[in-house]
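Read the structure below first, then the notes.
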Amino acid sequence: MKSSRKLWQWLAAIFLLSFAVLGWIGHEIYLSAPPIPTRVVASDGSVVFEEGQVMHGQEAWLSAGGQQLGSVWGHGSYVAPDWSADWLHREAIGLREALAQKAFQQSYATLASDQQALIGARVKSELRSNTWDAASGTVTLSVERAKVVRELVQHYTGLFGSDTSLDVLREQYAMVKDTLKDPADLKALPAFFFWSAWSSATDRPGEKDLSYTSNWPHEPLIDNVPTTGNGIWSIVSVVLLIAGVAFMIAWHSASKEEDDPTPPAHDPLFELKPTASMRATTKYFYVVIGLILLQVVMGVVSAHYAVEGQSFFGIPLAEVLPFTVSRTIHTQLGVLWIATAWLATGLYISPALSGHEPKFQALGVNVLFYALLLIVVGSIACGWIGTLQRLGTNFSFWLGNQGLEYTSMGRIWQYGLFSGLMIWLGLMARGLWPALKKPSESRGLIAMVFLSATCIGGFYASSLMWGQHSHYSMIEYWRWWLVHLWVEGFFEVFATAVIALIFTRLGLIRSASANAAIVMETIVFLFGGILGTLHHLYFTGTPTSVIAIGAIFSALEVVPLALIGFEGYRNYQRSQAAPWVASYRWIILCFVAVGFWNSVGAGLLGFSINPPISLYYMQGLNMTPAHGHAALFGVYGMLGIGLMLFCLRGLMPRENWQDVWLKRMFWMLNIGLAMMVFISLVPAGIYQAWASVSEGLWYARSPEIVQSAVMHTLVWLRVPGDIVFAIGVLCLGVFALRLLGKRRQPEAVGQVRTAER
């Protein structure tokens, strides 16, 4: 007990200290973020961009699809360009030509090498010189540069408008005509792109060759190259990873691991009778399967747009389902179905753990279901309608599509989801409270489930921390609180604790050892995981300290994943512990798959892009979705499916349980995912990384690369994996439908037997 108490104290200390540092970093980002000029003027006094246009342009881009339509500072989708890199390169080329004509009355290409070097130095000097005046809030450009900027304004206005000369380019970017209809939005949009590129090239005040985005993106024309700190902290992160893995293996080898107990002769949960509230969770799981199917369809459509930007095998699908909509739905559903599976699992296990069914618990579970269903359907429908009708920035922010990856739903729907999570937390508390009050060997595990549930509910509030007019750097800061901490942090702690409880209830591990192990695992995970959030923020207008802290802790975040394989093997052994455990075989193997994908998707592929020097060249390229698909579905998706199957095992008639469909589902999903990642996405990411290192990020995201024969071939190579994966999802659907063949008789409310031992 004393040892367990110390572990809890360590967990509390690490939690508080880590968030204190993360909060301090947020304050530093707020102070040092790239300034937003009130006006951009030419040296002759003419106005290039008027007051308020940069912020208006940011809102216009987000309402047009935002991070679903290309990216800014590397965060977003991958068919259209990174607009900051695209603008920066176009501006450098245009200014180079303008200065060559002014100095030598010749095109730059015809100049002698020494003349080209002179012009190149002038381009670098002009783009890197910081002319921001804090007193007036203005940025001043040379007359030549202002002329180039005005030409680029015409290009981007025509691209997001209806300029027919840009139809081919628009199709290559998977865009539609009149992406923005409001003339004021079209006028303001280029100001935001200019500012994002200006921040990427202009030196910070008092610094030389160090831009606001730490010289990201790679642009050789102005010597935008990795900083010294970028390289040094990358080396430190690799050394820390090796040392951490060595320490973890040595500690694991030296520690005498307690043997698992002798399993019971019979299934301890065989007599568990679901209560009314437990039975009410059944519909959650069937909706989860429906959402997975819809996500797969939207993923296929979105991937195909990389080949045909406005059509689906010749069908002009973009007229009703443009790329920005299909990708928004695809990414949003990935989070929503996984979260729904885990939330329903929490509602299912609460009465089972406590042996108590609170009054009106079933009513609460039903009300929450329909509220969540309204939020899912409403947010998707409003985002779709808003994009098709081009209903403007206010509609997009409040009801439609905020344009932010994984957090795209309008603010009204976010308020609704936060309220739903608070209801869920209340239902969890009511169900678990008797078990929390009662002394038992498993009370620590139950406490961890409840605390992680509290964090899941509370930390969703981070999605409400930015506003419609917030600085883009601060939007990214809070967005990654949600995506990294909410999804990759507290949900994982919750699921890990629930899995441990399942194994203890089955009698396959000891409660006492599971208590200490879960707290220790949470300490190790959160020690790197909380501050590891910063690796997403290296180049988003943040201070250089973010690179140092993010590099260190993102390396430590990977360290515990080195031992996940051992845990996966132990789980596999547990699936063969006794004859009756065979009925849980495919549930346990889902947890084994989680261990595999944690090591490969989160560990191997994650660390391949996490060091600053790697991310400098690969941010915004296909190595990111390779890591994202392997980690999001492989880890969190397989967790959600495993937990869902465990609950359905206790809810549905066991005589309808057919392992043959689960076997097909398991292998098809995992083989299909592996094919998708390693045959298509990883090679595409490596090919783009070569282009980024050799020429610059603009080139890696240009039509010359994205629409090349190599990339088209790699996109088509996704098809076999997609088909295998889709068959796996269909097998899951068939399995679930067959469970409905014969329903068990409803039990009386409150009738529940637990597996307390």
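Against the definition (within 19 Å of G637 (Cα to Cα) and either of a type outside the set (S, T, Y) or free of Cβ contacts under 8 Å to residues at least 60 places away in the same chain (or both)), how does V519 come out, yes or no? No: the conditions fail for V519.
I'd like to know if the stretch 182-189 contains one or more residues that are open to solvent by 60 Å² or more (accessible area, probe 1.4 Å) and either farther than 19 Å from T393 by Cα or touching a Leu at 6+ places or on another chain (Cβ under 9 Å) (or both). Looking through the stretch 182-189, none of the residues is open to solvent by 60 Å² or more (accessible area, probe 1.4 Å) and either farther than 19 Å from T393 by Cα or touching a Leu at 6+ places or on another chain (Cβ under 9 Å) (or both).
Scanning the stretch 457-475 for residues that are of a type outside the set (A, V, I, L, M, F, W, C), under 22 Å from W413 (Cβ atoms) and open to solvent by less than 20 Å² (accessible area, probe 1.4 Å) gives G457, Y460, S462, S463, Y472.
Of everything in the stretch 597-618 that is free of Cβ contacts under 8 Å to residues at least 40 places away in the same chain and open to solvent by 30 Å² or more (accessible area, probe 1.4 Å), the residue that is farthest from W661 (Cα to Cα) is S608. Kindly evaluate Y348 against the criterion of being of a type outside the set (V, I, T) and either crowded, with 23+ Cβ neighbours inside 10 Å or within 21 Å of the chain's Cα centre (by Cα) (or both). The answer is yes for Y348. A single entry from L662, L645 fulfils the requirement of being without any contact (Cβ under 8 Å) to a residue 60 or more places away in the chain and out of contact with any strand residue (DSSP E or B) (no Cβ under 9 Å at 6 or more places or on another chain): L645. Of the numbered criteria (1) surrounded by fewer than 18 Cβ atoms within 10 Å (Cβ to Cβ); (2) over 19 Å from V519 (Cβ atoms), the one T454 fails is (2). A single member of V41, V54, V48 is in a helix (DSSP H, G or I) and closer than 15 Å to V149 by Cα, and it is V54. State whether one or more residues within the stretch 526-543 are more than 26 Å from V335 (Cα to Cα) and either open to solvent by less than 10 Å² (accessible area, probe 1.4 Å) or not in a loop (DSSP other than H, G, I, E, B) (or both). So far as the stretch 526-543 goes, yes, one or more of its residues are more than 26 Å from V335 (Cα to Cα) and either open to solvent by less than 10 Å² (accessible area, probe 1.4 Å) or not in a loop (DSSP other than H, G, I, E, B) (or both). Is one or more of the residues making up the stretch 88-107 open to solvent by 20 Å² or more (accessible area, probe 1.4 Å), outside any loop (DSSP other than H, G, I, E, B), within 30 Å of N401 (Cβ to Cβ) and modelled with pLDDT of 95 or more? Looking for residues that are open to solvent by 20 Å² or more (accessible area, probe 1.4 Å), outside any loop (DSSP other than H, G, I, E, B), within 30 Å of N401 (Cβ to Cβ) and modelled with pLDDT of 95 or more, one finds at least one in the stretch 88-107, hence yes. Just one of the numbered conditions (1) open to solvent by less than 10 Å² (accessible area, probe 1.4 Å); (2) outside any loop (DSSP other than H, G, I, E, B) is not true of S214: (2).
Within the stretch 417-434, is there a residue that is under 25 Å from the mean Cα position of the chain (by Cα), closer than 24 Å to V325 by Cα and open to solvent by 10 Å² or more (accessible area, probe 1.4 Å)? Yes: the stretch 417-434 contains one or more residues that are under 25 Å from the mean Cα position of the chain (by Cα), closer than 24 Å to V325 by Cα and open to solvent by 10 Å² or more (accessible area, probe 1.4 Å). Considering only residues that are over 18 Å from F525 (Cα atoms) and of a type in the set (S, T, N, Q), which ones fall in the stretch 593-618? Matches in the stretch 593-618: S608, S614. Mind counting the residues in the stretch 117-131 that are without any contact (Cβ under 8 Å) to a residue 60 or more places away in the chain and either acidic (D, E) or open to solvent by less than 50 Å² (accessible area, probe 1.4 Å) (or both)? Matching residues across the stretch 117-131 total 2. Taking the criterion of being open to solvent by 50 Å² or more (accessible area, probe 1.4 Å) and either within 16 Å of E219 (Cβ to Cβ) or free of Cβ contacts under 8 Å to residues at least 60 places away in the same chain (or both), the residues of the stretch 132-146 that qualify are D133, A135. In this structure, S554 does not qualify as within 20 Å of the chain's Cα centre (by Cα) and surrounded by fewer than 20 Cβ atoms within 10 Å (Cβ to Cβ). Can you pull out the residues in the stretch 265-286 that are open to solvent by 40 Å² or more (accessible area, probe 1.4 Å) and under 25 Å from S326 (Cα atoms)? Matches in the stretch 265-286: Y286 only. Could we say that G403 is crowded, with 21+ Cβ neighbours inside 10 Å and either under 28 Å from the mean Cα position of the chain (by Cα) or part of a helix (DSSP H, G or I) (or both) here? It is true that G403 is crowded, with 21+ Cβ neighbours inside 10 Å and either under 28 Å from the mean Cα position of the chain (by Cα) or part of a helix (DSSP H, G or I) (or both). Total residues in the stretch 161-193 satisfying the condition of being in contact (Cβ under 8 Å) with a residue 12 or more places away in the chain and in contact with a helix residue (DSSP H, G or I) (Cβ under 6 Å, 6 or more places away or on another chain): the figure is 14.
The set of residues from the stretch 155-187 being among the polar types (S, T, N, Q), assigned to a helix (DSSP H, G or I) and within 28 Å of the chain's Cα centre (by Cα) comprises just one member, Q172. Do you know which residues across the stretch 292-303 are crowded, with 20+ Cβ neighbours inside 10 Å and in contact (Cβ under 8 Å) with a residue 40 or more places away in the chain? Within the stretch 292-303, I292, Q295, G299, A303 meet the criteria. Those helices (runs of 4 or more DSSP H) of the stretch 409-512 in which at least 3 residues are in contact with a Ser or Thr (Cβ under 9 Å, 6 or more places away or on another chain) and β-branched (V, I, T), considering only elements entirely within it, cover 491-505. Could you go through the stretch 333-349 and let me know if any residue there is over 18 Å from T387 (Cβ atoms) and either without any contact (Cβ under 8 Å) to a residue 40 or more places away in the chain or not in a helix (DSSP H, G or I) (or both). No; the residues of the stretch 333-349 include none that is over 18 Å from T387 (Cβ atoms) and either without any contact (Cβ under 8 Å) to a residue 40 or more places away in the chain or not in a helix (DSSP H, G or I) (or both). For the stretch 476-504, taking the residues that are open to solvent by 20 Å² or more (accessible area, probe 1.4 Å) and closer than 17 Å to V449 by Cβ, the one that is modelled with the lowest pLDDT is identified as E492.
Filter the stretch 57-77 for residues that are in a strand (DSSP E or B), in contact with a Ser or Thr (Cβ under 8 Å, 6 or more places away or on another chain) and more than 15 Å from H471 (Cβ to Cβ) and give the result. Result: S71, single match. For the stretch 682-701, the set of residues classified as open to solvent by 10 Å² or more (accessible area, probe 1.4 Å) and not charged (D, E, K, R) consists of V682, P683, I686, Y687, A689, W690, V693, S694, W698, Y699, listed by residue number. For the stretch 318-338, filtering for residues that are small (G, A, S) and under 12 Å from the mean Cα position of the chain (by Cα) leaves 1.
The values are calculated or read from the model by the stated rules, or taken from the named source; none is laboratory data. What you see is a predicted model, and the numbers here were worked out from it, not measured in a lab. Cβ: placed from backbone, ideal geometry, glycine included. Neighbour counts: every protein chain shown. Areas reflect the complete protein model, heavy atoms only, side chains present, ligands, DNA and RNA absent. Shrake-Rupley method; radii C 1.70, N 1.55, O 1.52, S 1.80 Å.
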